[in-house]
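Here is the structure we will look at, set down as structure tokens.
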Amino acid sequence: MSVKQISVFIENKKGKLAEATRYIADNNVNMKALSIADTQDFGILRIICEDPKAAEEALKEGGFITTVTDVLAVAISDKPGSLAAILEVLAEANIVVEYTYAFLSAKAGAYMIFRVDDNQSAAAALAGAGIKTANQEDLF
Amino acid sequence: MPNYYQPEIECASLDEMRAIQNEKLVKQVKHVYDNVEYYRNLMDEKGVKPEDINSIDDLHKLPFLTKADLRDAYPYGLLATDLKNCVRIQSTSGTTGRRVVAFYTQKDVDLWEECCARAITAVGGTNEDVCQVAYGYGLFTGGPGLNGGSHKVGCLTLPMSSGNTERQIQFMQDLHSTILCCTPSYAAFIGETLKDMGLTPDDIDLKAGIFGAEPWTEEMRRDIEKSLGIKAYDIYGLTETSGPGVSFECEEQTGMHINEDHFLAEIIDPETGEVLPEGSKGELVFTSLDKEAFPLLRYRTRDICVLSRKKCSCGRTLIKMTKPMGRSDDMMIIRGVNVFPSQIETVLLKEGYSPNYLIEVDRERNTDTLDISVELSPEQFTDTVKDLSAKEKDLANAIKTMLGISPKVHLVAPKTITRSEGKAVRVIDRRKLHD
Ligand SMILES: [Zn+2]
């Protein structure tokens with residue numbers, strides 16, 4: 001029903017993002033999706049990868065602060081209006097979407113990641129509309 | 001059963017203490033007048049002669065000495081004995097202007113170390129203890145003072161100095177240190193390192209810590225006590241007055257007993273210089289009573305605190321001083337408001353943040369700016385910008401409530417605020433650069 005997303009705190013200083021992504025690569029974490037949210041002071045790097053546990057441990061080892069969140073991954077077809085359709089279903093069910101970003105899986109095609117306030121209800125609402133949410137193993 | 005290093009002094013009656021102070025003060029004033037031209041001139045200007053000082057009730061007649069006097073008289077102007085009688089120099093870091101150099105005869109060193117020995121004994125130290133001194137050694141008074149005190153008590157002394165924290169912890173484990181002496185910020189750092197090494201307070205034998213040389217808060221005390229599994233005690237002193245050990249905490253942990261047989265304390269109104277009654281908040285002024293090389297009469301410490309003779313459960317009758325509530329040296333005037341870093345620290349700890357912070361003050365278009373960088377802990381991190389921005393805002397509001405002016409708060413990654421292993425650098429004031 002959901003997938004694990006790792007978030008990493010990045011200071012908004014020159015080179016900090018490069019430092020974090022270099023560190024992740026050096027520790028053989030293969031990032032499948034990545035999004036960055038930033039403010040003047042800090043950024044949050046969000047990562048979807050095959051082995052979130054190993055990735056989180058590696059990051060912690062490197063002194064980064066991280067948190068793991070369950071997010072929804074929804075397969076999206078390559079035609080106009082498919083993202084709108086999903087958002088409509090969620091809005092209808094009074095689900096708050098904190099953020100969303102795209103993700104391309106070599107194995108399974110295009111996905112959208114949704115961070116919502118209530119995964120359970122969101123997945124149920126989407127299922128009711130015939131939209132399936134993916135599990136970790138569906139993506140890799 | 002409380003332990004005293006010199007019970008006849010530490011538990012003397014008020015009359016006994018007065019008698020000691022009266023006798024010593026008369027001698028000290030004469031010693032200074034006869035040997036220190038700089039202070040003799042100050043007394044002559046005020047029309048005060050040594051004969052006018054017959055007891056501590058006459059103390060108020062003497063002129064004050066300030067940090068500016070120490071700078072003017074640098075290096076030998078306040079020396080009261082021949083250099084050939086001196087055996088030691090200690091010095092301040094000189095971060096706030098010209099450095100202060102203090103001189104010691106062997107007797108001065110002995111008395112200073114005795115003061116530190118009283119402090120170590122008050123936290124339960126005996127000749128069965130292993131005392132790890134992780135203050136810096138060298139010109140800084142912290143290391144040498146506690147080192148000497150530890151010898152006098154008969155503790156097995158580990159002269160570690162500061163730094164190389166993992167080695168500190170290894171020694172602590174291998175040699176079963178029971179007492180730790182260092183700056184509070186370094187104690188907090190050792191606590192964090194212990195945790196990072198996968199160890200707990202159960203893995204070390206520390207029971208007490210003596211922490212001083214920089215301001216710290218009650219919250220910080222609790223943090224240190226928890227992370228190291230100890231009781232944390234405060235100690236006070238200034239290089240000018242010899243170093244740590246001017247006053248020290250006992251088991252009650254409610255203020256520091258002043259070694260008033262050596263240092264006579266007064267509280268004055270910092271604006272007018274008027275002596276205030278016991279219990280008033282004001283600037284602490286010290287008069288040395290038996291210094292040979294570097295006696296200071298009515299030296300204004302710039303520390304703001306309160307004195308109290310309230311009976312202490314430890315049995316000591318030595319007058320107590322509160323932790324300094326601020327220091328005019330540290331005091332910043334930001335947008336017309338008096339701001340002490342300790343106030344900001346209090347808010348941070350209350351709101352669950354680490355005591356590692358950096359205050360930056362600057363001026364933009366004639367308006368003061370206040371930026372506070374705070375380390376975010378892993379527990380406080382969340383994946384949404386909204387939550388983290390709300391945290392910054394909440395903290396800024398809490399600080400505004402305390403200070404009356406709004407800061408900009410910046411969350412930064414853990415361990416990114418540069419931490420010196422001695423005194424913490426917490427304030428950068430860039431306004432001076434533009435003046
Ligand atoms: Zn006491």
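Every number here is computed from the coordinates shown, using simple stated rules; none is lab data. What you see is a predicted model; the values in this text were computed from it and never measured. Reconstructed Cβ throughout: ideal geometry from the backbone, glycine too, with neighbour counts over all protein chains shown.
With N counted as the residues of segment A:1-123, its alpha-carbon radius of gyration over 2.2 N^0.38 Å works out to 1.11. Using every pair of separate Cα atoms, the Kirkwood estimate puts the hydrodynamic radius of segment B:7-329 at 20.1 angstrom. Pick from B:Arg302, B:Arg167, B:Arg40 the residue whose mean-square fluctuation is largest in a GNM of chain B, springs joining Cα atoms under 10 Å. Highest fluctuation of the listed residues: B:Arg167. The Rg/Rh ratio of the protein assembly as shown, with both radii computed over alpha carbons and Rh defined as the Kirkwood radius, is 1.10. Considering only the Cα atoms of segment B:334-429, their convex hull presents on average a projected area of 6.5 nm².
When each of the peptides B:11-17, B:378-384 is scored by the mean number of other C-beta atoms lying within 10 Å of its residues, the order from highest to lowest reads B:378-384, B:11-17. Note on B:383-390: average number of Cβ atoms from other chains within 10 Å of each residue's Cβ is 6. Distance between the C-alpha centers of segment B:364-388 and segment A:1-80? Whole Å please. Cα centroid of segment B:364-388 versus Cα centroid of segment A:1-80: 21 Å apart.
Loop by DSSP (not H, G, I, E, B), at most 13 other beta-carbon atoms within 10 Å: where is the longest site-free stretch of chain A for trypsin sites (Lys or Arg not before Pro)? Don't jump to the answer; show the numbers that get you there.
On the way: sites that count: A:Lys14, A:Lys107, A:Lys132.
Within chain A, the longest run free of exposed trypsin sites (Lys or Arg not before Pro) spans A:15-106.
Given Cα pairs under 8 Å that are at least 6 residues apart, what percent is the relative contact order of segment B:7-329? About 18 percent, as a whole number.
In peptide A:3-12, what is the residue-averaged number of other protein chain Cβ atoms found within 10 Å of each Cβ?
On the way: counts 0, 0, 1, 1, 4, 3, 11, 1, 7, 2.
Mean shielding count: 3.
Which order do the peptides B:341-347, B:181-187, B:168-174 take when ranked by the mean count of other beta-carbon atoms within 10 Å per residue, highest first? Before the final figure, lay out the partial values.
On the way: B:341-347: 19.9, B:181-187: 27.0, B:168-174: 17.3.
By packing density, highest mean first, the sequence is B:181-187, B:341-347, B:168-174.
Points 7 angstrom from Cα along the Cβ direction at B:Asp110 and B:Arg430: gap in nanometres? Between B:Asp110 and B:Arg430, the simple spin-label model gives 5.4 nm. Inter-chain neighbour count for A:38-45: the average number of beta-carbon atoms from partner chains within 10 Å of each residue's beta-carbon is 5.
Separation of segment B:18-44 from segment B:238-278 is 19 Å, based on Cα centroids.
The label-point distance for B:Asp371 and B:Tyr38, in a model that sets each label 7 Å from Cα toward Cβ, rounds to 3.9 nm.
Using only helices, what value at 222 nm comes out for chain B when you add -39,500 (n - 2.57) per DSSP H run of length 4 or more and divide by the total residues, to the nearest 500 deg cm²/dmol?
Values: 12 runs with 138 residues, N = 435.
Taking each H run of at least 4 residues, the total per residue is -9500 deg cm²/dmol.
Modelled label positions at B:Glu51 and A:Asn135, each set 7 Å beyond Cα in the direction of Cβ, lie 10.2 nm from each other.
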